[in-house]
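To start, the structure itself, in structure tokens.
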Amino acid sequence: MPNSDQQSEQIKAQTVFDDSAFATKYAWQDDAWAQLITQYQQGRLPHAMLAAGMAGIGKRAFVWRFVAWLLCENKFAGTADNSSDDSLDTQSNLPAQFACGHCESCTWLKAGTHPDVLVLPKSDDDSAQKFERSIKIDDIRNVQEYSHSKGKGERVIVLDYADTLTIAAANALLKTLEEPRSGVHLLLITDHVSRLLPTIKSRVQALPLEQIDERYSLEFLKNILVNDSLNNANDWQVRAKMLLALADGAPLVAADLPQQAWFAHRGTWLKTLAALRTGRRSVMAASDYWQGELTLAQFCMLSRVMLLDLWRMGLGLPSLHTDLSVADTLASVPSLATADFDAMLNQLNDTAIATTQNVQEKFAYDALMSVLAGQAG
């Protein structure tokens, strides 16, 4: 069992900084922000809060902005280096409510050495590792030790990927939730709230971050699309609505879609499917072509997106890809049956597993093209 010095080093290693802490908040988060600030001013800030919702709605940015504000020594001073538009809160007419970015607390946070912040998972985990790594009972014991240690003011515990808690860890966390410590605030973040135990969800205040008015999302995307040389400034709204639909309404995902390597290949994917299904192109030729265009992971993502759209169209719904002539491109292709979709999706799932086993991309590509062509996998 680690001694006190070892435990202190573990805690220190888990202090991280997210640069969104000092960025201007997203417009769709104004109500949630005003709610928290009001609760703080009235002495009603919850001990435990939950930021939940699909990826791409900005919940992590919101949490880190609030952490920075909560710990900032100048949070009501009305001065900040980065956010002149926030000099007056439009809903409450109170002084500026954002982290100043230059006090001792903000400096610590930027350096990732803040003594009053504890974060799980560890900061040296990359995104993939965080996703795969479960939060174990030893991690929660660190949380419990930290919450009982002395601090000079507000203290914060950020528990990201909270849905990866093991059963033992979740039960241990309940003890912390049931015995709140004054001045200690626990912020849970998850993309998959349904995976959290009901007993945990019942003991935290859910932040209202999931419902986003489309007008805010469109305005956010407008600022990106009208400055993109690839877009006609007059067509930004049509493209923005398409991106939002493809992203299930998540504005940050929508903004990132055009930057994905596979996104520009959607039309070519349709042509490949048509050529394979009608015998105009061989499996090997298609495989060789795509190996030179996208990584296997990128092609799998592209295929999932396009197959989902074709499934929708089979149900009589319009294509989400309004910038493509999907129906015309596939006019010569016999309608895909449920068995066809099942075979393709199963092959994509098998490929995802194979990539973790260092399978050669050529073999995986060949198998994918064979199934896309309607041949036995």
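Bear in mind these aren't lab numbers, they're just calculated from the coordinates by the rules spelled out. Small disclaimer: the values here were computed from a predicted structure and weren't measured. When we count neighbours, we look across all protein chains shown, and the Cβ atoms used for this are built from the backbone with ideal geometry, even at glycine.
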Item to check | Over 30 Å (Cα to Cα) - which of K59/K241; K59/K152; K75/K241 fall in this group | outcome: K75/K241
Item to check | Cα pair distances in segment 166-283, grouped into 10 Å bins until the bin that holds the longest one, percent each | outcome: 10, 27, 19, 21, 16, 6, 1, 0
Checklist entry - What is the ratio of the Cα radius of gyration of segment 263-372 to 2.2 N^0.38 Å, where N is its residue count, to two decimals? => result 1.02
Item to check | segment 153-231 shape via C-alpha gyration tensor axes, a/c threshold 1.5 | outcome: prolate
Checklist entry - Out of residues 5 or more away from V158 or on other chains, whose amide H comes under 5 Å of its own, with H placed 1.01 Å from N in the peptide plane? => result L118, V119, L120, L187
Checklist entry - In nm, to one decimal, how far is the modelled label at T278 from the one at A331, with both set 7 Å along Cα→Cβ? => result 0.9
